[in-house]
1. Using label points projected 7 Å from each Cα along Cα→Cβ, tell me how many nm separate R7 and H32, to one decimal.
2. How far is helix 118-141 tilted, in degrees, relative to the longest principal axis of the Cα atoms in the chain, given as a value from 0 to 90 rounded to the nearest 10?
3. Taking a ≥ b ≥ c as the square roots of the Cα gyration tensor eigenvalues, with a/c under 1.5 meaning rounded and otherwise prolate when a/b beats b/c, else oblate, which class fits the range 59-143?
4. Would you mind pulling out the separation of the Cα centroids of the range 27-74 and the range 104-139, in Å?
5. Could you tell me whether the range 1-108 comes out rounded, prolate or oblate from its Cα gyration tensor? Rule is a ≥ b ≥ c as square roots of the eigenvalues, rounded for a/c under 1.5, then prolate if a/b exceeds b/c, otherwise oblate.
6. Output wanted: per-residue J couplings in Hz (rounded whole) for the range 16-22, from phi through Karplus 6.51 cos²θ - 1.76 cosθ + 1.60, θ = phi - 60°, x for Gly and Pro.
7. With a cut-off of 18 Å, note down the residues of the range 13-35 whose backbone N falls inside the zone around a label point 7 Å from the Cα of T98 toward its beta carbon.
8. Please return the longest stretch of the chain lacking exposed loop sites, where trypsin sites (Lys or Arg not before Pro) count only if DSSP places them in a loop and at most 14 other Cβ atoms lie within 10 Å.
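Rule-based calculations on the coordinates, nothing more; no lab input. What you are looking at is a predicted structure, and each value in this text was computed from that prediction instead of being measured. As a convention, Cβ positions derive from the backbone with ideal geometry for all residues, glycine included, and neighbour counts pool all protein chains shown.
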Amino acid sequence: MTEPATRTRSVVVEREIAWPPEKIWRALTQPHLMEEWLMKNDFSPAVGHQFQLRGDWGGILDCEVLAVEPNRTLSYTWNHAHDDPAFNLESVVTFTLTPTPAGTHLRVEQAGFRPDQRQAFGGAMAGWPLFLDKLEEAVAGAD
């Protein structure tokens, strides 16, 4: 049996962070802190809020908040339009925070990569660990 061509893949990165969920939540939801670890943005943690992430590389991602459960779950679309339809990306990023004795278990999933999006998938596989390194730095420096 063959799998349908529309099947998508996900990138999942998990990390233990030595800070409580409340502190990580601030870095995930406050625009000035998001800029430190992710990209420039006009984010607001409200379901339905449409915002943009603006990369230093000149790219713009159009996003919409899908779910907000303070200190637990944050989910939003992560869409990039491109002149070449093969490079259009329509995905969903979900952050899940689980308290642990040592701090927080953070799980990040970016879902929706089509089979023909090997470059975007590879970029996300390489990029999310780097973003999370910067997130940890932003959390450590935040009051």
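1. So the two model labels end up 4.7 nm from each other.
2. Here the helix axis deviates by roughly 10 degrees.
3. On the way: a/c = 2.18, a/b = 1.86, b/c = 1.18.
Taking the square roots of the gyration eigenvalues as a ≥ b ≥ c, the range 59-143 is prolate.
4. 14
5. Details: a/c = 2.09, a/b = 1.33, b/c = 1.57.
It is oblate, given that a/c is not under 1.5 and a/b is not larger than b/c.
6. Values per residue, Gly and Pro as x: 8, 10, 7, 9, x, x, 4 Hz.
7. Output list for this probe position: 13-22, 24-25.
8. Working: sites that count: R7, R72.
Here the longest run is 73-143.
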